Amino acid sequence: MTAMAVAVNEMLDTLDVDDYNAAIRYIEFLSVSRKREKSKASKNALSEIQQMFQDDQRWDSEDEMLAEMAEFRRERMKL
């Protein structure tokens, strides 16, 4: 068992039913808060990705697109 698990087990031995209920409510609160943060981060990432697609260059041909991608790669790699 890890040190944290041992510490939690020692604390749990001293609790009564009301304490358990309060602890469960607090853990539920933390869980909901973390889920909201994760959801917000996912929405922000999705928004950024959608913005990239809105900036689509609408190339006239596949060759033109590949040439631009190659140029972008050379710039990024400083070739």
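Working from Cα positions, state the angle (0 to 90°, nearest 10) between the long axis of helix 3-12 and the longest principal axis of the chain.
Here the helix axis deviates by roughly 40 degrees.
For the chain, what is the charge dipole size about the Cα centre, in debye to the nearest 20, if Lys and Arg each add +1 at the Cβ and Asp and Glu each add -1 at the Cβ?
Taking the Cα centre of the chain as origin, the dipole is about 140 debye.
Can you tell me how the range 3-77 classifies by the Cα gyration tensor, rounded, prolate or oblate, using a/c under 1.5 as the rounded cut? Before the final figure, lay out each step's value.
Numbers: a/c = 8.65, a/b = 3.36, b/c = 2.57.
Here the range 3-77 falls in the prolate category.
Could you calculate the contour length gain from residue 42 to residue 2, that is, 0.36 nm times the residue separation minus the distance between their Cα atoms, to one decimal place in nm?
Separation in residues times 0.36 nm, less the Cα-Cα distance, equals 11.2 nm.
Rounded to the nearest 10 degrees, what's the angle between the helix 17-54 long axis and the longest principal axis of the chain, both from Cα atoms, 0 to 90?
0
Each value in this text was obtained by applying a stated rule to the coordinates, not by laboratory testing. Just so it is clear, the model here is predicted, and its values are computed rather than measured. So basically every Cβ, Gly included, is an ideal-geometry build from the backbone, and we count neighbours across all protein chains shown.
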